[in-house]
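> Quick one: this structure, given as structure tokens, is what I'll be asking you about.
Readers should treat all values here as calculations from the given coordinates under stated rules, not as data from a laboratory. Values in this document were obtained by computation on a predicted structure and should not be read as measured data. Positions of Cβ are generated from backbone atoms using ideal geometry, with glycine treated the same way; all protein chains shown enter the neighbour counts.
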Amino acid sequence: MSKAESNFVTSCIVAGVCGLTVAGVLNVRPLMQNWIAEFNKPQSLPISGEVDIKGKIFDLEVARTPEEKAKGLMFREWLPGDQGMLFVYDPPEQASFWMKNTLIPLDMIFTKNSKVIYTVENAQPCKSTPCTTFAPPAPVDGVIELNAGWLKKLGLKVGDKVIVSEYGEFDISTSGM
């Protein structure tokens, strides 16, 4: 999950709720309790893409919106072995990720134009703040999160090619990823 996007979504919600409180328009406590309860639930996006990494195919949930990217795999207690999550950045941007509220260890693959530009192997859940931030040296057009251990098992390294395809109306395989 993207630290910047998580902070952005949280700031917008808090700022909006605070504004309503100052105006005396509504009682914020129930609204915040409902929001916190919803935020703490894991998201499950439909499988809408796949990635080929050295001949191994992984099905991907695809996070496109700031809200989907902010939540990522937070609060998930498990991830099937042949699945992962793709975070799409169009246009490419400098992304940074952390493991706050993530319950499972993950490998992260940062890509640009179908090439691996940065990897994080076996990122562990963050149990106390501040959390470690993982950021590549350059803007990316995609980040793939998989269960920890796949990078080592597949021998994936910077410079390797990954082939990402999305199903349906979005097809990032033709946009240079």
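> I want to make sure I understand the PRE zone here: with the label point 7 angstrom from the Cα of Glu93 toward its beta carbon, which residues in region 40-65 have backbone N atoms less than 19 Å away?
Residues 62-65 fall inside that zone.
> Moving on. So how far apart, in nm, are the two label points at Ser44 and Ile104 if each is 7 Å from Cα heading toward Cβ?
1.2 nm
> Report the Rg/Rh value for region 47-174, based on alpha-carbon coordinates and the Kirkwood definition of Rh. Write out the running numbers ahead of the final one.
Values: Rg = 13.4 Å, Rh = 14.5 Å.
A ratio of 0.92.
> For region 52-67, take each phi angle, set θ = phi - 60°, evaluate the Karplus expression 6.51 cos²θ - 1.76 cosθ + 1.60, and give the result in whole Hz per residue in order, putting x for glycine and proline.
9, 10, 6, x, 8, 9, 10, 6, 10, 7, 10, 9, 10, 7, x, 5
> State the Cα centre-to-centre distance between region 63-102 and region 116-142 in whole Å.
So the separation of the two Cα centres works out to 11 Å.
> Would you mind checking which residues have amide H under 5 Å from Ala148's amide H? H placed 1.01 Å from N; only 5 or more apart, or other chain.
Under 5 Å from the amide H of Ala148: Leu106, Asp107.
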